[in-house]
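Colleague: The structure's right below; bear with me while I get my questions together.
No value in this document is a laboratory result; all are computed from the given coordinates. What you see is a predicted model, and the numbers here were worked out from it, not measured in a lab. Glycine gets a Cβ as well: all are built from the backbone with ideal geometry, and neighbour counts include every protein chain shown.
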Amino acid sequence: MIKRFSANAEDTEDRARRYNRAHRYLSLAGFLLSLAWLAALLFLGWSAGLRDAAWQVSARYSLALAVYLLLVFAGGTMLGLPLGYYAGYVIEHRYGLSNQTVAGWVKDEAKSVVLGGALSLAAAELVYALLRWRPDWWWLASWAGFLLFVVLMANLAPVLLFPLFYKFQPLADEDLKQRLLRLSERAGARVRGVFEWKLSEKSRKANAALAGWGNTRRIILADTLLQQYTPDEIEAVLAHELAHHVHHHIGKSLALEAAAGLAGFWLADRALRTFGSLPRFGFRGIGDFANLPLLLLLAAVLSLLLRPAVNAISRHFERQADDYAFRAIPDVGPFISSMEKLAAQNLAERRPNRVIEFIFHSHPSMEKRIRRAAAYGETT
Ligand SMILES: [Zn+2]
């Protein structure tokens, strides 16, 4: 029996390794593809060509910009679609992690494309209006707009965006609600609600999160978690999520995003002034929207460079939340068993390569989290 069990565990670990590797390769390929698209727009003169075509459609700046953006956005979306389908549908089904039908996947994809397109259009109209109106200060004013948007989204996402893709309802389980209440009282923190997240309609994974900011902050628990984990294990997960709240991790993440955004907009201004006048790009001044691919290319490279730092900070937050959870629950046993279950259910890599963990992982590996919990358990 023991032998068979360990063979299964090894099998699961191997599957997890292959599954995560596939996702890494696909996201790398997707990233390179979008870089190639932006570079082609810039260096082959396509961007200037699309700009000219857009001006043919309308002589009004804002409309011409909208037409140009539609063309650039549509091209990028079409290029990324096959990889997105492979990563989001084929791989998930191959590893038995998805319940979605093709039609369901297409519907979700269509919603995010429309949503992404609308938000990109609003952002582009604002940034280019500022670029033309205040060419010296556009970057600072755009950053202020970005800040407002990020804060609004943090606040509104759980009530506006999440319900577009998933159903939510207030947690019905009275016993669990009482446990959370006791946990938050001890923490001196008030959470505005706990919601059951109907994840099982689409996925076989389990998950939980702290979401929202200000009057919308809430803990969301996947129904897959509620169905398959013991009350003690769910309490351990809740304690971890509550800790993110106690340590103000969402507010801190927003502050970091704001700082990175400021640096990004300043660099964008520098880039437009340094490279914008190169004749090969064919831009007509700083307010020419044909320079959009240059800005997007810069944003892509910056986010790539920042990624290890962002993940290091995230792992630090996660360790803090785990440490808090160990103290908040009577015994670390259920925390450890919940991690074991999550790793198996979500095909998480328990022992990822150290370099890969450093670059790509927002959470410490399951192995490290379990070891840390066990070490805490031994001291008490
Ligand atoms: Zn967490």
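Colleague: With a ≥ b ≥ c taken as the square roots of the eigenvalues of the C-alpha gyration tensor of the range 107-253, please select rounded if a/c is under 1.5 and otherwise prolate if a/b is larger than b/c or oblate if it is not?
Modeller: Working: a/c = 3.61, a/b = 1.81, b/c = 2.00.
It is oblate, given that a/c is not under 1.5 and a/b is not larger than b/c.
Colleague: Sticking with this structure for a sec: In degrees, nearest 10, range 0 to 90: what is the angle between the Cα axis of helix 333-345 and the longest Cα principal axis of the chain?
Modeller: It is inclined by approximately 50 degrees.
Colleague: I would also like to ask the following. Mind putting a number on the dipole of the range 1-103 about its Cα centre? Charges go on the C-beta only, +1 for Lys and Arg and -1 for Asp and Glu, and I need it in Debye to the nearest 20.
Modeller: Working: 10 positive and 6 negative charges, 35 e Å.
My answer is approximately 160 debye.
Colleague: Could you check the spin-label model distance between ALA300 and PHE168? Points 7 Å from the Cα along Cα→Cβ, value in nm.
Modeller: 3.2
Colleague: Below 12 angstrom from the Cβ of PRO231, what's the summed charge of the other residues (Lys, Arg +1; Asp, Glu -1)?
Modeller: On the way: positive: LYS177, ARG179; negative: ASP173, GLU174, ASP175, ASP232, GLU233, GLU235.
Net charge in that neighbourhood comes out at -4.
Colleague: Let me ask something else. Label points 7 Å out from Cα along the Cβ direction at ILE359 and ILE313: separation in nm?
Modeller: Label at ILE359, label at ILE313, 2.1 nm between them.
Colleague: Can you classify the range 242-361 as rounded, prolate or oblate using the Cα gyration tensor, where a ≥ b ≥ c are the square roots of its eigenvalues, rounded means a/c under 1.5, and otherwise it's prolate if a/b beats b/c and oblate if not?
Modeller: Prolate, because a/c is 1.5 or more and a/b exceeds b/c.
Colleague: Sticking with this one: Highest mean first, how do 209-216, 105-112 rank when packing is the count of other Cβ atoms within 10 Å averaged over residues? Walk me through the numbers on the way to the answer.
Modeller: Values: 209-216: 17.2, 105-112: 14.2.
Put in order of decreasing packing, that is 209-216, 105-112.
Colleague: So if I take the centroid of the Cα atoms in the range 246-297 and the same for the range 202-236, what is the distance between those two points in Å?
Modeller: The distance from the Cα centre of the range 246-297 to that of the range 202-236 comes to 36 Å.
Colleague: Could you tell me the distance between the Cα centroids of the range 334-380 and the range 48-89, to the nearest Å?
Modeller: 42
Colleague: Taking only DSSP H segments of four or more residues, each worth -39500 (n - 2.57), what value at 222 nm results for the chain once the sum is divided by all its residues, to the nearest 500 deg cm²/dmol?
Modeller: On the way: 15 runs with 272 residues, N = 380.
So the helix-based figure for the chain works out to -24500 deg cm²/dmol.
Colleague: Where the only charges are on Cβ atoms (+1 Lys, Arg; -1 Asp, Glu), what is the dipole of the chain about its Cα centre, to the nearest 20 debye?
Modeller: Values: 44 positive and 33 negative charges, 118 e Å.
In debye, rounded to 20, the chain gives about 560.
Colleague: I would also like to ask the following. Multiply the residue gap between LEU81 and ALA260 by 0.36 nm, knock off their C-alpha separation, and tell me the result in nm, one decimal place.
Modeller: Numbers: separation 179, 0.36 × 179 = 64.44 nm, distance 2.90 nm.
Result for the pair: 61.5 nm of gain on full extension.
Colleague: Shifting gears a bit: Please sort by residue number the trypsin sites (Lys or Arg not before Pro) in the range 158-188 whose DSSP state is loop and whose Cβ has at most 15 other Cβ atoms within 10 Å.
Modeller: Working: sites: LYS167, LYS177, ARG179, ARG182, ARG186; in loops: LYS167.
Answer by residue number: LYS167.
Colleague: Where does each of 331-339, 114-122, 224-232 land if you order them by average Cβ count within 10 Å, highest first? Mind showing how you got there, number by number?
Modeller: On the way: 331-339: 20.1, 114-122: 13.1, 224-232: 16.9.
Averaged packing, sorted descending, gives the order 331-339, 224-232, 114-122.
Colleague: Relative to the longest principal Cα axis of the chain, at what angle does helix 46-57 sit, 0 to 90 degrees, rounded to 10?
Modeller: Compared with the principal axis, the helix lies near 70 degrees.
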